[in-house]
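What follows is a single structure, written as structure tokens, with notes after it.
Taken together, the values in this text are just the output of simple stated rules run on the coordinates, not laboratory data. Note that this is a predicted model, so its numbers are computed, not measured. A quick note on method: Cβ atoms are made from the backbone with ideal geometry, for glycine too, and the neighbour counts reach across all protein chains shown.
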Amino acid sequence: MKDINIEDQFQAKIDAEIKIEPKDWMPDEYRKTLIRQISQHAHSEIVGMLPEGNWITRAPTLRRKAALLAKIQDEAGHGLYLYSAAETLGVARIDMLNDLHSGKAKYSSIFNYPTLTWADMGTIGWLVDGAAIMNQIPLCRCSYGPYSRAMIRVCKEESFHQRQGYEILLTMMKGTDAQKRMVQDALNRWWWPAISMFGPNDAESPHSKQSMAWKIKRFSNDDLRQKFIDVTAEQAKILGVTIPDPELKWNEERGHYDFGQINWDEFWEVVKGNGPCNRERLEARRQAWEEGAWVREAATVYAEKKARKNQEAA
Amino acid sequence: MTKKEALLKYTLRLADNASILGHRLGEWCGHGPVLEQDIAMTNIALDLIGQARNYYQYAAKLEAAGKTEDDYAYLRDPLDYYNLLLLEQPNGNFAHSIVRQYFFDIFHYLFLTALMSSKDKQLAAIAEKSIKEVTYHKKWSGDWILRLGDGTELSNEKMQTAINVLQTYVGELFLMDEVDEMMVKENIGVDLAPIKEEWTRIVQEHFTEAKLKLPDATWTQKGGKQGYHSEHLGYILADMQYLQRTYPGAVW
């Protein structure tokens, strides 16, 4: 009886838009769902540094190089806030990292695609950050306080990244044929993975219903995807590129763009680990972690020595 | 060599130092030993690239040939690059990167402190702006010298190995050539002899605390300031200049 009461009170708070804070009572499933979602999000930020990092040394101007470095650094910062937000739920960063390195934890599948030309830096900003913003703006109102506050900060930076990415593409589209070709090619490769970022269709999305009731999620996958496509189709026109979907067409009656079927077989293959870069991405993370072990250990030992010395001196 | 030519070369050396070390640090981005340090290294890379841009922009003004900052960074051959050899050395493990950084940071800090009094107003202004950043760089790398030198046996060993490997490039930091001498005479450039003395004192003191040894100089590798580099610079520039060289005239 008592449990039901607590759970009712919890749901009443959520319905009244009162934020849940770390020390408040929450159902185990709510906690688990958040840990899974926030840590996946944190991992996505960290793994997401790699495809863009691939172009730092080849950035074409000093201004672009600085902007790219700053963007990737922002992603590292987002990873930090998100790991911290997850830690308020009682899970340690080291455990989350171990799950990432062992392959148990997932991250956004989009980062398992390769970055082949400089246009990919623009396209990732435009589409990948664009889709991320669509997903994340509702998370600023998420029922869990620390996550919602982290997302407010993240969203501000992401919208800057998106504009920056779009501007890279605009510049290239004003350039040579070779540059225009790179932009169109990048769109061809990133379009379908980007619209898959919203996740499976609503009917196939196992966690959605409960997450909506708990106000972790505010809009369904399909609603967000539609919104993204509507906005992006217009931006593609301004850019002068063709979205690689022959079925993409404005539907006057619906007030939305119609679009073709996502290849969900490919999506699930990449989730399972069979994308073009799954192995490299995970290996890069593991390698950085393993090669840094002696550094972290030395820092810990040094801090202990210093603490002891301070204690003796006191 | 005219004074103007010397000043241009002097400025390009400072620009190349910042650009090449910034480039090397950028290679760490996403691969650091822990997230916080990944962020710190990218921060320093960003500071250095910002400084390089200030110097390159000034060089463009001095040369008055309609060049941009990117013409200097992206369209010069290795023979026309003037950075110190130390800064183009590969990242190696974290110890190598820290020692390279620390050796340069102490030098850089002392150098900029002196450059702030340069008769050349633009160089003095860039130095004044940069020194705030470099004060942080030297604190960051200095802290790591202590942590890793006086951390575990393994970390001490890795640090000492890195020091022994990189020590041969230290002498070049203080070598004066015709350009330096002309700039010192004009009260524009920095006399490196007192800097060397101060650098050695600071580093030795710090190393003693960190249980590390600064070996006696046996041989100094030199040539970077004059455009004669190690094999590494060619690869750095092959990456860096790839797009600009492959698509001449394209705007990015």
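Students often get this wrong, so check it: of A:Lys217/A:Lys249; B:Lys67/B:Lys129; A:Lys19/B:Lys129, which have C-alpha atoms separated by over 32 Å?
On the way: A:Lys217/A:Lys249 28 Å; B:Lys67/B:Lys129 24 Å; A:Lys19/B:Lys129 44 Å.
Among A:Lys217/A:Lys249; B:Lys67/B:Lys129; A:Lys19/B:Lys129, the Cα-Cα distance tops 32 Å for A:Lys19/B:Lys129.
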Log10 I(q)/I(0) at q = 0.12, 0.21, 0.23 Å⁻¹ for the stretch A:126-240, from Debye over equal alpha-carbon scatterers, is -0.49, -1.16, -1.29
Distance in nm between A:Ala303 and B:Thr208 label points, each 7 Å along Cα→Cβ, equals 2.9
In whole percent, the Cα-Cα distances of the stretch A:26-112 spread across 5 Å bins from 0 upward as 3, 15, 22, 21, 15, 10, 7, 4, 2, 1, 0
Stretched fully, the stretch from B:Lys129 through B:Val165 gains (0.36 nm per residue minus C-alpha distance, one decimal, in nm) 9.7 nm
Residue-ordered couplings for the stretch A:213-226, obtained by feeding phi - 60° into the Karplus form 6.51 cos²θ - 1.76 cosθ + 1.60 and rounding to whole Hz (Gly and Pro as x), are 5, 7, 6, 7, 10, 10, 10, 7, 3, 5, 5, 5, 4, 4
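Based on the alpha-carbon set only, what is the convex hull volume of the stretch B:3-246 divided per residue, in Å³?
Enclosed volume per residue, from the Cα hull, is 115 Å³.
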Between A:Tyr144 and residues 5 or more places away or on another chain, the pairs with built amide H atoms under 5 Å apart involve A:Ile20
For chain A, inverting the pair-averaged 1/r of distinct alpha-carbon atoms gives a Kirkwood value in Å of 21.3
Sorted by chain and then number, the residues having a modelled amide H within less than 5 Å of the amide H of A:Lys217, at least 5 places away or on another chain, are A:Met212
In this structure, the FRET efficiency calculated for A:Asn98 and B:Asp143 from their beta-carbon separation, with R0 = 30 Å, to the nearest 0.05, is 0.65
Long-range alpha-carbon pairs in the protein assembly as shown, meaning those over 40 Å apart, account in percent for 34
For A:Lys71, the lysines lying under 16 Å Cα to Cα, once residues fewer than eight places off in the same chain are dropped, come out as A:Lys156
So A:Arg36 and A:His207, fully extended at 0.36 nm per residue minus their Cα-Cα distance, gain in nm 60.4 nm
On the formula 1/(1 + (r/R0)^6), with r taken between the Cβ atoms of A:Asn263 and B:Lys61 and R0 of 56 Å, the FRET efficiency rounded to 0.05 is 0.55
XL table A:Lys65/A:Lys106; B:Lys138/B:Lys211; A:Lys106/A:Lys209; Cα-Cα > 24 Å flagged, in table order, is A:Lys65/A:Lys106
Beyond 23 Å, the calculated P(r) of the stretch B:25-127 holds a percent of Cα-Cα pairs equal to 37
